1. Find how much the distance from Lys3 to Leu88 grows on full extension, using 0.36 nm per residue of separation minus their present alpha carbon separation; answer in nm with one decimal.
2. Rounded to whole Hz and in sequence order, give me ³J(HN,Hα) for the stretch 57-72 from the Karplus expression 6.51 cos²θ - 1.76 cosθ + 1.60, θ = phi - 60°, writing x for Gly and Pro.
Amino acid sequence: MSKSYGFMEITGVVAAVDALDIMTKAADVTLATWERKLGGRLVTLVIEGDVAAVKQAIEAGTAGAIKRPVATGILPNPHEEIQRIVALSASRFKGKAEESSDSKMLGQDPPDFNIKEQMK
């Protein structure tokens with residue numbers, strides 16, 4: 001089995017979770033990582049599995065998601081640099097940021113955001 005990546009960019013976290021649920025139920029794929037941009041208005045899901053499973057999952061997610069994806073892509077045999085980028089994103093996603101990285105983890109609020117102050 002060769003590693004393959006599938007990418008889906010979709011608007012909204014709820015739509016992304018819905019699409020991910022569809023994709024993981026449609027084929028033998030797993031979530032490699034995800035990125036939120038524009039305050040969560042744009043979400044990129046990266047799934048992995050063998051080529052046929054990734055293709056099937058992306059097609060199912062595109063057809064069945066509550067929103068139409070902005071973009072999709074499949075990399076059947078990703079270059080090692082692509083694998084490195086996905087691994088870096090996954091390390092932040094899983095809470096294992098590299099020591100040299102000063103970027104915030106996915107889903108983490110900016111340093112100046114204080115939820116208690118917002119609730120007042």
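Read-outs throughout are calculated quantities, based only on the coordinates presented, and are distinct from any laboratory measurement. Keep in mind the model is a prediction, meaning the values are calculated, not measured.
1. Working: separation 85, 0.36 × 85 = 30.60 nm, distance 1.67 nm.
Stretched out fully, the Lys3 to Leu88 stretch lengthens by 28.9 nm.
2. Rounded to whole hertz, the list is 5, 4, 4, 5, x, 5, 6, x, 5, 6, 10, 6, x, 6, 7, 9.
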